[in-house]
1. I need every pair where a residue in region 7-33 that is of a type in the set (A, V, I, L, M) and in a helix (DSSP H, G or I) has its Cβ under 7 Å from the Cβ of a residue that is at pLDDT below 85 and surrounded by 12 or more Cβ atoms within 10 Å (Cβ to Cβ), sequence separation at least 6 or different chains.
2. Would you mind telling me which numbered condition in (1) surrounded by 12 or more Cβ atoms within 10 Å (Cβ to Cβ); (2) modelled with pLDDT of 95 or more Val18 fails?
3. Can you confirm whether Leu485 is at positive phi, at pLDDT 75 or above and not in a helix (DSSP H, G or I)?
4. Does Leu307 qualify as being more than 25 Å from Ala251 (Cβ to Cβ), buried (at least 22 other Cβ atoms within 10 Å of the Cβ) and at pLDDT 95 or above?
5. Mind listing whichever residues of region 339-348 are touching a residue at least 60 places away in the same chain (Cβ under 8 Å) and either surrounded by fewer than 21 Cβ atoms within 10 Å (Cβ to Cβ) or in contact with a strand residue (DSSP E or B) (Cβ under 7 Å, 6 or more places away or on another chain) (or both)?
6. Starting from region 269-287, take each residue that is within 19 Å of Thr369 (Cα to Cα) and list its partners that are among the hydroxyl-bearing types (Ser, Thr, Tyr), counting only C-beta distances under 8 angstrom and pairs at least six apart or across chains.
7. Suppose we filter Leu447, Leu468 for residues that are in a helix (DSSP H, G or I), surrounded by 13 or more Cβ atoms within 10 Å (Cβ to Cβ) and not assigned by TED's automatic domain parsing to the domain that holds Phe372; which single one remains?
8. Those residues that are touching a Phe, Trp or Tyr at 6+ places or on another chain (Cβ under 9 Å) and within 27 Å of Ile501 (Cβ to Cβ), I need them from region 425-479; list them, please.
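The values are calculated or read from the model by the stated rules, or taken from the named source; none is laboratory data. Just so we're clear, the structure is a prediction, and the values are computed from it rather than from any experiment. We place every Cβ from the backbone using ideal geometry, glycine too, and count neighbours over all the protein chains shown.
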Amino acid sequence: MASKHREHSSIDGFLQRVEESLDGNRAGDVEKRHAKGFRTARENLDELVDQDSFVEFGQFAVAAQRSRRSPEELKAKTAADGVITGLAKINTAYFGAQQSQAVVIINDYMSLAGTQGFFHHAKIDRMLQVATERSLPVVMYTEGGGGRPGDTDVTTQIAGLNITTWLVWGQLAGKVPRIAVNNGYCFAGNAALYGGADIRIATQSSYIGMAGPAMIEGGGLGTFAPTEIGPVEVNSKNGVIDIVAADEAEATAIAKQVLGYFQGRLSDWTAADQSLLQSIMPDDRRYTYDIRKLINVLADSQSFLELQPDYGKTIIIGFMRIEGHPVGLIANDNRVLGGAVDAVSATKAARFLNLCSSFSLPVVSLCDTPGFMVGPASEEQGAASKMAELFAAGANLSSPLVCIFVRKAYGLGAMAMAGSSFVKPVYSAAWPMGEFGGMGLEGAVKLGFKKELEALEGEARESLFNELVAKMYEAGRAAEAAAFLEIDGVINPKDTRAVIINSIGLN
């Protein structure tokens, strides 16, 4: 009887300890969290992972502050030492058990503002080790205030800078997908983790900065409210944030969708009537059109997810699916600078191509560009080096590239959109309205026929100019480029999906 009693006592004690680490033991903090319109870390966890799949690491950890806090306070106020870590399955219903395995790290702002303490770091380091050893993707929620100075139990370190968190996080680049999600304040060390992720999602309520208010003021740089540091309207325009979500619910759904592009093909898919592609392009080559409408017709329905829409706007980047297969997409936006590739857009596209290359994602390029952006203002942005980044990324792309020239393909900018050369894609094809040249037609005429044009005035000059542009256009039409074997073919727009699938060999 005594033995059985002890057994029951052990189980009861264990169950009590589990309950003490959950939200039910923190009713006041949960209420505050909900009052802000935010979810708790465990609520985000439940929404992210497949039911009954989470295996938690370090659940009973508390802050290294036993010398200054009671056990009850530590369990109530520093549960899991501010970070929930473990293994889980995500998207099993779509991709199967093996492909759905992932490492999950969710910072818990209800525990000392999600700050990074001694055991907090140890838990993250343990999970990054597991991700490394098992080649598992990582989904990390980064909300938190950065480093924590109050862990008084730690007496064997001075600065504590010999930890491996950012070392291993950085070493995982190109080896496993790293997806970061943020809501609320994300400062210092938390921001360094967020910024280092491959895909960075943030809610409208996010404030992300490499230093919080206390550090800024301590450095003599003034006093700022936390809401003045790295708001979404700033970080979405400077490229820090890839995807802006309305709230944590949407951010979590997006994280699952993003992870899915790295997990494999979807068996169920639908697509729009592809004959719609034949009517998107305007008859007059000088007019603009909505490239995103084109993309959404081309891609499987509801599968296109754009990254960094407010940054580097002349190039659109994102993920989509073609017959269920995940692919990366780059495309010129003719409504911004005519689709010219500027320095910022080149850097943006280069980063994305490197990501696709690392994880063997095929790339579709929709080219419609007058070339690289030129002029003194462009050079002030570091055009020569940043545009070279796009060439390097395309040249070293290890996954297959298909380039579709939907309209303009001029100069070095078109070469960069085709992976550094028209010979780089596994297949390069133009729509019938495609036009090609070493530089934009208007510029080529002004430069090449300067003497003839200067000899005329008024309507006569304009008439000659238009005549020369028309001749150059006829000489550089898609069919002529294909006849000279500078591209692989000319295709009917409605056949674009089939061309992509068959040339990459995805079936």
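1. Val30/Asp23
2. (2) is the only condition that Val18 fails.
3. Details: at positive phi: yes; at pLDDT 75 or above: yes; not in a helix (DSSP H, G or I): yes.
When the stated conditions are applied, Leu485 passes them.
4. Values: more than 25 Å from Ala251 (Cβ to Cβ): no; buried (at least 22 other Cβ atoms within 10 Å of the Cβ): yes; at pLDDT 95 or above: yes.
In short, no.
5. Across region 339-348, the qualifying residues are Gly339, Ala340, Val341, Lys348.
6. Note: pairs meeting the criteria are Leu277/Thr496; Ile280/Tyr289; Met281/Tyr289; Pro282/Thr288; Pro282/Tyr289; Arg285/Tyr473.
7. Working: Leu447 fails: surrounded by 13 or more Cβ atoms within 10 Å (Cβ to Cβ).
Just one listed residue meets the conditions, Leu468.
8. Once the filter is applied, which keeps residues that are touching a Phe, Trp or Tyr at 6+ places or on another chain (Cβ under 9 Å) and within 27 Å of Ile501 (Cβ to Cβ), region 425-479 yields Ser428, Ala429, Ala430, Trp431, Gly434, Glu435, Phe436, Arg477, Ala478.
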